[in-house]
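Working notes, beginning with the structure itself.
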Amino acid sequence: MGIEYNTSKILQRFYSSMKNVILIGFMGVGKGSVAREVTQNSDYMTIDTDDLIESLENRKIKHIFESEGEEYFRKLEKRVAQWLETSVQNTLISTGGGFYKQKNLKKIATVVFLDSPFDAIIKRIKKHPNATNKLKKRPLLKDLKKAKELYEARRPEYLKLADIVIDVTNKSAPECSKELLKKVKKHG
Ligand code: S3P
């Protein structure tokens, strides 16, 4: 009886339609931290599109940009997006800041935009104990003037795509996680 009960619980969880959730937002806004927090406080497992790309290529994003260029990297993102659509369920997906451009985003998941002003994002990165590394590993953050322009261009696009928006400014990862789970539940 115990075994039957457990099996049915497992099957229930497997088949219950917990829609994927995808986190979009600018570099350094905290998508990874929020994803890790949500996983610890819910049934969601989490994956990260940059991690998937680094495994696919067996090298760091920074090196992919340096040796093959951005266009090649975007093709890898497209490959990951196709795989996510066909093969991933019940998962919280955190993404690189440019992944939102994938055409099938809405088919993959409920889209959650983590929002914060540019200056607050940079401040957040700089106060991290590993700040130098955080900046170094992101080729598109090398030039802060250009990064700000990119931010200004992208923010309206993030907002347009979002099913849910979370202002993460001055909030801890547990606070953001709680808000996310509440809003996702309400969104259905
Ligand atoms: C990028 C963001 C990065 C990474 C790549 C490109 C972007 O991820 O995917 O450097 O276009 O904004 P993070 O948002 O995790 O920094």
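For the chain, the percent of C-alpha pairs falling in each 5 Å distance bin, counted from 0 to the bin holding the largest distance, reads 1, 7, 16, 19, 20, 16, 10, 4, 3, 2, 1, 0, 0. Entry for the stretch 101-188 at q = 0.11, 0.17, 0.22 Å⁻¹: log10 I(q)/I(0) = -0.38, -0.88, -1.22, Debye formula applied to identical alpha-carbon scatterers, no solvent contribution. Check the straight Cα-Cα distances from Lys78 and name the aspartates and glutamates below 16 Å, setting aside those fewer than 8 residues away within the same chain. Of all the aspartates and glutamates, those that pass the test against Lys78 - Cα under 16 Å, at least 8 places apart if same chain - are Asp48, Asp50, Asp51, Glu54, Glu57, Glu68, Glu70.
Computed from label points 7 Å out along Cα-Cβ, the spacing between Gln40 and Lys78 is 3.8 nm.
Axis angle, to the nearest 10 degrees, between helix 2-15 and the longest C-alpha principal axis of the chain: 40 degrees. Per-atom-type breakdown for the stretch 41-188 gives carbon and sulfur 51% of the accessible area (1.4 Å probe, protein chains only). Here the spin labels are modelled as points 7 Å beyond Cα on the Cα-Cβ line, and at Lys62 and Ala131 they lie 1.7 nm apart. The GluC sites (Glu not before Pro) found in the stretch 99-188 include none that occupy coil by DSSP while having at most 13 further C-beta atoms within 10 Å. Applying 1/(1 + (r/R0)^6) with r as the Cβ-Cβ distance of Lys185 and Ser87 and R0 = 25 angstrom yields a FRET efficiency of 0.50.
Each part gets one Cα centre, and for the stretch 101-160 versus the stretch 33-65 those centres are 15 Å apart. Accessible area per residue for the stretch 50-140 is 56 Å², calculated with a 1.4 Å probe on protein heavy atoms, without ligands, DNA or RNA.
The values are calculated or read from the model by the stated rules, or taken from the named source; none is laboratory data. From a predicted model like this one, the values you see are computed outputs, not experimental measurements. Cβ sites come from the backbone with ideal geometry, for glycine too, and all protein chains shown count toward neighbours. Ligands, DNA and RNA are excluded from the accessible area calculation, which covers all protein heavy atoms including side chains. Shrake-Rupley method; radii C 1.70, N 1.55, O 1.52, S 1.80 Å.
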